[in-house]
Amino acid sequence: MTDNENTGADPGHRPEGRAAEAKRNEPARPHAPSGPDDPAGRAGQPGGVVITTLAERPELTPRIYELSDTWPEFVFFEPVAGALLGRVPEEFPEYCLVATDGDRVVARGFSVPFDAGFGRRTELPDQGWDRVLLWAFSDQRSGRQPTSVSALEITVDTGYVGRGLSHRMLTALREAAARQGHRELLAPVRPNAKHLRPHLPMAEYVEERRADGLPTDPWLRVHVRAGGTVERIAPASMTVGGSLDQWRRWTGLPFDRDGAVAVPGALAPVHCDTAHDQAVYVEPNVWVRHRLTRDGD
């Protein structure tokens, strides 16, 4: 899940990647960092940020990409996202959120339901973000009843970062899942400071703690403060491959040597193969489990 996040992961109507159409109309996308409590109010409080599901405000669906964000260019060419992410708001509106401040859209959040018990599936797959998105649409097409729900993304407008809005969006995603009868919200989280240390294995990164015992990573810290528990690594949560010319356009880097290449915004190195004119990025995420309470529990 990406927070501009990432559960994580960005990495809507984005046919060539995590957001090609939105990219044509706006800036890019990651998972949102933590900040102090947002002083903005909720519904019914004039001047406050209001968070609702898209099922409640479907007229805002075409506007959910009216955000300024900081996603690196290459995430918009992730093929699973390019094929399916743009359909999530319309197909699963009760699991998707929009935040507005007056007439301005300032954040969005997506999650999807899926059947974790079907066939040979596992609840927390190694392919993380990509896998649950594929399962959600497969289950919907086949009429299978969902047993789990996974967050996909929380993106906060850069002008609203640091106001606690990412925490409020995560809380709202938890509440939306609970209203649909789920007892847990899963999230393949994209730690939003991991890109500063791409060569450090994710398994080691998630073990790092501050003096107060909370994760050093800001976005993981938001999840843990909200009651989430770190479960395991999703080592291949998203994959982006391309020719060396494509990677040069996406990053401005030469990609002229074999081996691991540190790319701004990437959580792990991109592997370059000059003989075969290709480079591949495999992104690890972190599975976090949020236990939910429902009215009457």
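The values are calculated or read from the model by the stated rules, or taken from the named source; none is laboratory data. Nothing here was measured: the structure is a model prediction, and the numbers come from that model. Every residue, glycine among them, receives a Cβ derived from its backbone with ideal geometry; neighbour counts consider all protein chains shown. Only protein heavy atoms, including side chains, enter the accessible area calculation; ligands, DNA and RNA are left aside. Shrake-Rupley method; radii C 1.70, N 1.55, O 1.52, S 1.80 Å.
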Considering only the stretch 209-216, I want to know if a residue exists there that is open to solvent by less than 70 Å² (accessible area, probe 1.4 Å), under 25 Å from Asp126 (Cα atoms) and in contact with a strand residue (DSSP E or B) (Cβ under 7 Å, 6 or more places away or on another chain). yes
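If the requirement is being in a loop (DSSP other than H, G, I, E, B), at pLDDT below 50 and surrounded by fewer than 18 Cβ atoms within 10 Å (Cβ to Cβ), which of these qualifies: Pro33, Pro27? Show your work before the answer.
On the way: Pro33 fails: surrounded by fewer than 18 Cβ atoms within 10 Å (Cβ to Cβ).
On inspection, the qualifying residue turns out to be Pro27.
So, Pro89, is that one part of a loop (DSSP other than H, G, I, E, B) and either crowded, with 20+ Cβ neighbours inside 10 Å or at pLDDT below 95 (or both) or not? Can you show your working first?
Values: part of a loop (DSSP other than H, G, I, E, B): no; either crowded, with 20+ Cβ neighbours inside 10 Å or at pLDDT below 95 (or both): yes.
It is false that Pro89 is part of a loop (DSSP other than H, G, I, E, B) and either crowded, with 20+ Cβ neighbours inside 10 Å or at pLDDT below 95 (or both).
Among the residues of the stretch 217-249, write down those that are among the charged types (D, E, K, R) and farther than 30 Å from His276 by Cα.
Start the filter on the stretch 217-249 by keeping residues that are among the charged types (D, E, K, R), which leaves 217, 221, 225, 231-232, 245, 248-249.
Those that are among the charged types (D, E, K, R) and farther than 30 Å from His276 by Cα: Asp217, Arg221, Arg225, Glu231, Arg232.
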Got a number for residues in the stretch 64-77 being in a loop (DSSP other than H, G, I, E, B) and touching a Lys or Arg at 6+ places or on another chain (Cβ under 6 Å)? 3
Give the residues of the stretch 237-249 that are open to solvent by 30 Å² or more (accessible area, probe 1.4 Å) and assigned to a strand (DSSP E or B), sorted by residue number. Thr239, Gly241
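Among residues belonging to the stretch 250-277 that are hydrophobic (A, V, I, L, M, F, W, C) and surrounded by fewer than 16 Cβ atoms within 10 Å (Cβ to Cβ), point out the one that is farthest from the chain's Cα centre (by Cα). First the steps, then the outcome.
Let us first name the residues in the stretch 250-277 that are hydrophobic (A, V, I, L, M, F, W, C), namely 250, 253, 255, 260-263, 266-268, 270, 272, 275.
Then drop every residue that is not surrounded by fewer than 16 Cβ atoms within 10 Å (Cβ to Cβ), which leaves 260, 262, 275.
Details: Ala260: 24, Ala262: 21, Ala275: 33 Å.
That would be Ala275.
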Set Arg121, Arg168, Arg144: member being open to solvent by 10 Å² or more (accessible area, probe 1.4 Å) and within 18 Å of the chain's Cα centre (by Cα): Arg168
Would you confirm whether or not the stretch 250-258 contains a residue that is modelled with pLDDT of 95 or more, on the phi > 0 side of the Ramachandran plot and in contact with a His (Cβ under 9 Å, 6 or more places away or on another chain)? no
Note on Ser111: of the conditions (1) farther than 30 Å from Gly48 by Cβ; (2) within 20 Å of the chain's Cα centre (by Cα), unmet is (1)
Filter the stretch 278-297 down to residues that are open to solvent by 30 Å² or more (accessible area, probe 1.4 Å) and of a type in the set (Asp, Glu), then give me how many there are. 2
Single condition Val80 does not satisfy, out of (1) among the aliphatic types (A, V, I, L, M); (2) at pLDDT below 90; (3) open to solvent by 10 Å² or more (accessible area, probe 1.4 Å); (4) touching a Lys or Arg at 6+ places or on another chain (Cβ under 9 Å): (2)
Output the number of the condition that Val222 fails; it satisfies all remaining conditions of (1) β-branched (Val, Ile, Thr); (2) open to solvent by 20 Å² or more (accessible area, probe 1.4 Å); (3) over 19 Å from Ala268 (Cα atoms). (2)
Apart from one, (1) more than 28 Å from Pro93 (Cβ to Cβ); (2) out of contact with any strand residue (DSSP E or B) (no Cβ under 7 Å at 6 or more places or on another chain) all hold for Leu244; the odd one out is (2)
